[in-house]
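See below for the structure under consideration.
The values are calculated or read from the model by the stated rules, or taken from the named source; none is laboratory data. Quantities reported herein were computed from a predicted structural model and do not represent experimental measurements. Please note: Cβ atoms are built from the backbone with ideal geometry, for glycine as well, and neighbour counts cover all protein chains shown.
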Amino acid sequence: MKILVDTHTHTVASGHAYSTVQEMAKEASNKGIEAFIVTDHGPLMKGAPCLYHFTNLKVLPEKLHGVKIFKGVEANISDYTGSIDMPEDILRKLDFVLAALHDVCIEPSSLEEHTEALVNAIKNPCVDAIAHPGNPRFQVDIEKVVKAAKEYNKVIEINSHSFSARPGSEKNCREFAVKCKEMGVPVVCSSDAHISFDVGRVDAAVKLLAQCNVPEELVINTSLEKFEKYLNSKNEKKYNF
C-alpha cells in the first residue's frame, strides 16, 4: 500500500515547523507524492498563525512542482464539549479540517471527557477527520469514537509521527485500525510532517494497517483520485449545512 496524498503537514506558519510550502512541495515531488494538505495549527496553539492566515490560503497555487496543494487546518479542540478554535465561516472555505486534542491547549482529563470531546467534534459538519486520536495522553473509548465516525461519515487518522512523538500511541492506533476495519470507517495515513524531509513519511502507519489487515479501499489517501472523490462528497455537505 502506498500513500500518495499526505493529509497532515505543517509549514513554518505553525511556529514550531521548519519548511515553507515551496520546500514541502519540492520534497513531495521528489518522493512521487501526488498531493498534500497544508494543515497548520489553529490559533489556540502557541506560535500558530492568526485567522487571517487561513482566509488568505487562497493565494496558494493549485500545484507546485507538479504536486497538488490542498488548504486545511489542524484545529484545536478547546473544551470538553468538543468546541474548536476556528469559526465556521472560515472552516467552510477550507478543503480539509482536522480536529485534535493537544495538551498545550487543553489539560488532559478523564476518558469520559476525552471521548465526549472527540465525539462532539466529529458531529461538527465542518470537521473532516480526527487527528492522532491514539494519543494516550487523551485516552478515549475507542469503540465510541469509531462508532461516531461511522455515523457521521468522518475519517480517523493513523498518524505515523505519533509512534515516536507520542509514546504509547501504537497500541491505541492498532485498536483504532481494527475497529475501523470492523465498522467500515475510512482512515488516512499521515506524516504530521514538521519539516519537508518528513512529507510522506508514513511507513509506520502503513505497516500497522497491514498488520491489522485493513483493506486498501478504506484508506482514502492511496491516490489523488480516491481522495478527491471522498472530499467532494464531504464538501457538498459541509457547504450546505
If you go through segment 1-33, how many residues are farther than 13 Å from Asp192 by Cα and in a helix (DSSP H, G or I)?
11
For segment 165-174, state whether one or more residues are under 30 Å from Glu62 (Cβ atoms), surrounded by 14 or more Cβ atoms within 10 Å (Cβ to Cβ), polar (S, T, N, Q) and in contact with a strand residue (DSSP E or B) (Cβ under 8 Å, 6 or more places away or on another chain).
no
If we ask which residues in segment 23-36 are out of contact with any helix residue (DSSP H, G or I) (no Cβ under 9 Å at 6 or more places or on another chain) and either buried (at least 21 other Cβ atoms within 10 Å of the Cβ) or not basic (Lys, Arg) (or both), their number turns out to be 3
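When you scan segment 177-226, how many residues do you find that are part of a helix (DSSP H, G or I) and under 18 Å from Ala28 (Cβ atoms)? Show your work before the answer.
Restricting attention to segment 177-226, the residues satisfying the condition of being part of a helix (DSSP H, G or I) are 177-183, 196-198, 203-211, 216-218, 224-226.
From what's left, under 18 Å from Ala28 (Cβ atoms): 196-198, 203, 205-206, 224-226.
So the count comes out to 9.
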Phe163: passes all of (1) at pLDDT 95 or above; (2) assigned to a helix (DSSP H, G or I) but (1)
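Kindly indicate whether Thr9 is in contact with an Asp or Glu (Cβ under 9 Å, 6 or more places away or on another chain) and surrounded by fewer than 24 Cβ atoms within 10 Å (Cβ to Cβ).
No: the conditions fail for Thr9.
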